[in-house]
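What follows is one structure encoded as structure tokens, with my remarks underneath.
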Amino acid sequence: MGELKVYNSLSREKEVFKSMTPGLVGMYVCGPTVSGESHLGHARPYITFDVIYRYLMHLGYKVRYVRNITDAGHFEEEGREAEDKISKKAVLEKLEPMELVQKYTNLYHWAMNQFNCLPPSIEPTATGHIVEQINMIEKIIADGYGYVVNGSVYFDVMKYAETHDYGKLSGRVIDEQLETTRDLEGQEEKRNKADFALWKNAAPEHIMRWKSPWGIGFPGWHIECSAMSTKYLGEQFDIHGGGMDLLFPHHESEIAQSTVCNHVPPVRYWIHNNMITINGRKMSKSLNNVIKLTEMFSGNHPMVEKAYHPMTIRFFILQTHYRSTLDFSNEALQGAEKGLKRLWEAYENLGKLRDAGYEMRDDQVDTDLESRITKLVSEFDEFMNDDFSTAKVLANMFELVPLINSMKDKTIPVSSLSKETFGLLQKQMKTFVEDIFAFKSINEEDNEKLRGVMQLLIDIRKEARGRKDFVTSDKIRNQLHRLGISLKDEKDGSISWSIE
RNA sequence: GGUCCUGUGGCCGAGUGGCUAGGCUGAGCUCUGCAAAAGCUCCUACAGCGGUUCGAAUCCGCUCGGGACCUCCA
């Protein structure tokens, strides 16, 4: 197997991935701010990094996957009236802050579960790590990179930039940053515009507040990730992921804070996913064009024509490379839905072929077909190793679909594959479809009783067809169709059914 | 304004200089009591203009269009 290459945002090129400790990988991904419901845009990083997580494990790594929950609330905007997002909304909804946090955390976990995303190894919360954050800020002050003004602490970017490259991740030049003229309140506290808050003095109306050496306040925008990643992954770790919109200032500042504290760059590989757009524009709260996940799943949104299954969204996202933008449209989603259905059915057919226990006879092997299948299936690994090219893996799977279906229909005899090739095909499909891409059946979970009823109807229909009583057989099929259950007469005379 | 990304067939999207990705839609055919599914075939695109090259969607330049970041943001 070749080596894994990942695109590192830091170097702007694909690099061979080598973990710091052989066999082990530390990965930190920026998690949600639980002050509201997750939307379609949020689904992208979680699904992207879920597949990366699963693929790393597939490669044999033991991965510690840390994904935080931001429950402390950050400011709406620097310098403006310091509003703690969570406390503000709590007042509106007349909820305790923690009640709100709990509600949206639960909802977020539910959505991740719907997407079949594995839970991270550790899911630390910002409020649970105030002490660590304060410790880190103290260290930064002691080293001379932080200064205290009126109970707030700021990071001295100019001083840092004297000896470090602030802006290396986001490609920013610090002098240009300073030229940007923005008259914002509270700026006068900072020595320089580029400085950012490590700790913020809390106004009396703030509900979320903690004691600190500098007074009552709350942590700054970026410190939680630095504190928690250091705590659980060490001063330097392998992968840090998140959306591209976090490159600046969030990740840039994380690098600065951690570097000052630990005297070593925190992250070896920065991986950033691109945005989901809607009508060509990024989906985000500030642009007011978000579709919440619950709305996607229910179809209850003016822009959403029908309910989309979480697996459809997962497939939709994996059909594109994670560093490309992905445009939302009903047409595209419905295309994804049909594609996934076809892929999944072929995958199930492949499983049935195995269960049928065909005799493999090596004397009938079609070598051309064999080499074609072997190539398609081996490229799964190759493509994933090339910066997680899930789109190409899916393309190959779709080239296999007609072959598998033809074997099922016996247009291609199963015996034209050697036992080895057939086994390889099944193993690779199982590994990638279920274990790495983690697709699941989009059909409703069928229960035993329903199965029994369906079998009864199928038997009756078979008998009717045997008598050429097409009135009865069509009635059964048509009525079921109206209920959203479709029957298919297979070529071998059996009847299969699926819920639409 | 600064930095960066991007423009592929009806739609969504891969694309490493040469060997027409793939999905969805549409059309035709095969199979079939009919239907659905499935299989086969077809619709062969790279914003525009120049340049480099034997050869460019792919490299370079310009023009036009779209976007991201520079402020909370996945």
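Evaluate the charge dipole of chain A about its Cα centre and quote only its size in Debye, nearest 20, assuming +1 on the Cβ of each Lys and Arg and -1 on the Cβ of each Asp and Glu.
On the way: 62 positive and 73 negative charges, 267 e Å.
Using Cβ point charges on Lys, Arg, Asp and Glu, chain A gives about 1280 debye.
Report the equivalent ellipsoid semi-axes for region A:319-459 in whole Å, largest first, defined as the square roots of five times the eigenvalues of the gyration tensor built from alpha carbon atoms.
Working: eigenvalues 139, 124, 30 Å².
Largest first, region A:319-459 gives 26, 25, 12 Å.
Kindly flag which residue pairs out of A:Lys292/A:Lys449; A:Lys352/A:Lys462; A:Lys168/A:Lys211; A:Lys5/A:Lys375 have an alpha-carbon separation exceeding 23 Å in this structure. Each step should come with its number before you reach the end.
Numbers: A:Lys292/A:Lys449 35 Å; A:Lys352/A:Lys462 21 Å; A:Lys168/A:Lys211 34 Å; A:Lys5/A:Lys375 20 Å.
Correct reply: A:Lys292/A:Lys449; A:Lys168/A:Lys211.
Relative to the longest principal axis of chain A, what angle (0 to 90°, nearest 10) does the C-alpha long axis of helix A:419-429 take?
With both axes taken from Cα atoms, the answer is about 40 degrees.
Mind pulling the angle between the C-alpha long axis of helix A:252-262 and the longest principal axis of chain A? Nearest 10 degrees, somewhere in 0 to 90.
The angle comes out near 70 degrees.
Count the net charge of all other residues whose Cβ sits under 15 Å from the Cβ of A:Phe470, scoring Lys and Arg as +1 and Asp and Glu as -1. Kindly include the intermediate steps, with their values, before the conclusion.
Working: positive: A:Arg461, A:Lys462, A:Arg465, A:Arg467, A:Lys468, A:Lys475, A:Arg477; negative: A:Glu463, A:Asp469, A:Asp474, A:Asp489.
Charge balance near A:Phe470 sits at +3.
Below 16 Å, Cα to Cα, which lysines can A:Lys440 reach? Residues fewer than 8 away in the same chain don't count.
Partners within reach: A:Lys338, A:Lys341, A:Lys430.
Apply 1/(1 + (r/R0)^6) to the Cβ-Cβ distance of A:His481 and A:His58, taking R0 = 25 Å, and write down the FRET efficiency to the nearest 0.05.
Details: r = 40 Å, r/R0 = 1.60.
Once the sixth-power term is evaluated, E becomes 0.05.
How do A:Cys117, A:Cys225 rank when sorted from fewest to most other Cβ atoms within 10 Å of their own Cβ?
Numbers: A:Cys117 22, A:Cys225 29.
Fewest-to-most ranking of A:Cys117, A:Cys225: A:Cys117, A:Cys225.
Can you bin every Cα-Cα distance in region A:450-500 into 10 Å intervals starting at zero and give me the percent of pairs per bin, rounded to whole numbers?
26, 63, 11
Using a Cα-Cα cut-off of under 25 Å, which lysines could be cross-linked to A:Lys468, ignoring same-chain neighbours fewer than 8 residues away?
Straight-line reach from A:Lys468, under 25 Å: A:Lys488, A:Lys491.
Cα convex hull of chain A: mean projected area in nm², to one decimal? Spell out each step's value before the answer.
Values: hull surface 111.0 nm².
Computed as one quarter of the Cα hull surface, the answer is 27.8 nm².
So in chain A, what percent of DSSP beta bridges are antiparallel if you round to the nearest 5?
On the way: 28 of 50 bridges.
So the antiparallel bridges in chain A amount to around 55 percent.
Every read-out reported here was derived from the displayed coordinates using simple, explicitly stated rules and does not represent laboratory data. Keep in mind the model is a prediction, meaning the values are calculated, not measured. Reconstructed Cβ throughout: ideal geometry from the backbone, glycine too, with neighbour counts over all protein chains shown.
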